Amino acid sequence: QKEVEQNSGPLSVPEGAIASLNCTYSDRVSQSFFWYRQYSGKSPELIMSIYSNGDKEDGRFTAQLNKASQYVSLLIRDSQPSDSATYLCAAPRTGAGSYQLTFGKGTKLSVIP
Amino acid sequence: DGGITQSPKYLFRKEGQNVTLSCEQNLNHDAMYWYRQDPGQGLRLIYYSQIVNDFQKGDIAEGYSVSREKKESFPLTVTSAQKNPTAFYLCASHPGTEDEQYFGPGTRLTVT
């Protein structure tokens, strides 16, 4: 089974700093990647999707994709305590034909006031 | 408002009882999914359905059953055959474009 790997953390950053979350994947055919934010006790919420190499910015969030290195990252600028959550990386299961996603186990981020 | 609803939010059952978790969506999405999440583990796919009256097993289907009689509804039954049913259950749907999935609020099932 194709894998999506993330450091489990916890990753602690001070308020106002840049948080960098990383994800690697094993399926070279993967074309799209997703970042979900999951607050404790809640369901995952889609916050970013990226389909091509390079950077994609949305407010304080930037997703970076490097297909050659099979690496995708999420940068959170000016981190706030409200960003404290677990961040899940996901990639489609290629060949499944049913829009299935494979999820990483998530990185827990703590933003310290 | 469009969205995915799951009920109940919390569910408590005795061991040996079957229990059905509800998932409804009014997004007009064709594909729907059930996941299970345990502490320290990623999301694991239980069942999925791409169209009405059709569904497929995911990675951990043993001890679970589903039905898809209506596009809007995809209930999950946790049977007594599921050895470790206590978990957070998440329903998701897919809009049919790109690959992203959207999640309902989840049902936390505790079996004692």
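What follows is calculated from the coordinates using simple rules that are stated; it is not laboratory data. Just so it is clear, the structure is predicted and the values come from calculations on it, not from any experiment. Here the Cβ is made from the backbone with ideal geometry for all residues, glycine too, and neighbour counts use every protein chain on show.
Say whether the condition of being of a type in the set (Phe, Trp, Tyr), closer than 30 Å to B:Arg108 by Cα and in a strand (DSSP E or B) is met by at least one residue in segment A:64-71. Even if it seems obvious, please write down each step before you answer.
To start, the set of residues in segment A:64-71 that are of a type in the set (Phe, Trp, Tyr) comprises A:71.
Narrowing further to those that are closer than 30 Å to B:Arg108 by Cα: none.
The answer is no, given that none of the residues of segment A:64-71 is of a type in the set (Phe, Trp, Tyr), closer than 30 Å to B:Arg108 by Cα and in a strand (DSSP E or B).
How many residues does segment A:1-48 hold that are within 11 Å of the chain's Cα centre (by Cα) and among the basic types (Lys, Arg)?
Of the residues in that region, 1 qualify.
Residues B:Tyr10, B:Tyr48: which one is hydroxyl-bearing (Ser, Thr, Tyr) and under 18 Å from A:Ala91 (Cα atoms)? I'd like the intermediate steps shown before the answer.
Values: B:Tyr10 fails: under 18 Å from A:Ala91 (Cα atoms).
B:Tyr48 is the lone residue from the list that is hydroxyl-bearing (Ser, Thr, Tyr) and under 18 Å from A:Ala91 (Cα atoms).
Looking at segment A:56-101 only, could you name the residues that are within 14 Å of another protein chain (Cβ to nearest Cβ), touching an Asp or Glu at 6+ places or on another chain (Cβ under 7 Å) and hydroxyl-bearing (Ser, Thr, Tyr)?
Once the filter is applied, which keeps residues that are within 14 Å of another protein chain (Cβ to nearest Cβ), touching an Asp or Glu at 6+ places or on another chain (Cβ under 7 Å) and hydroxyl-bearing (Ser, Thr, Tyr), segment A:56-101 yields A:Thr94, A:Tyr99.
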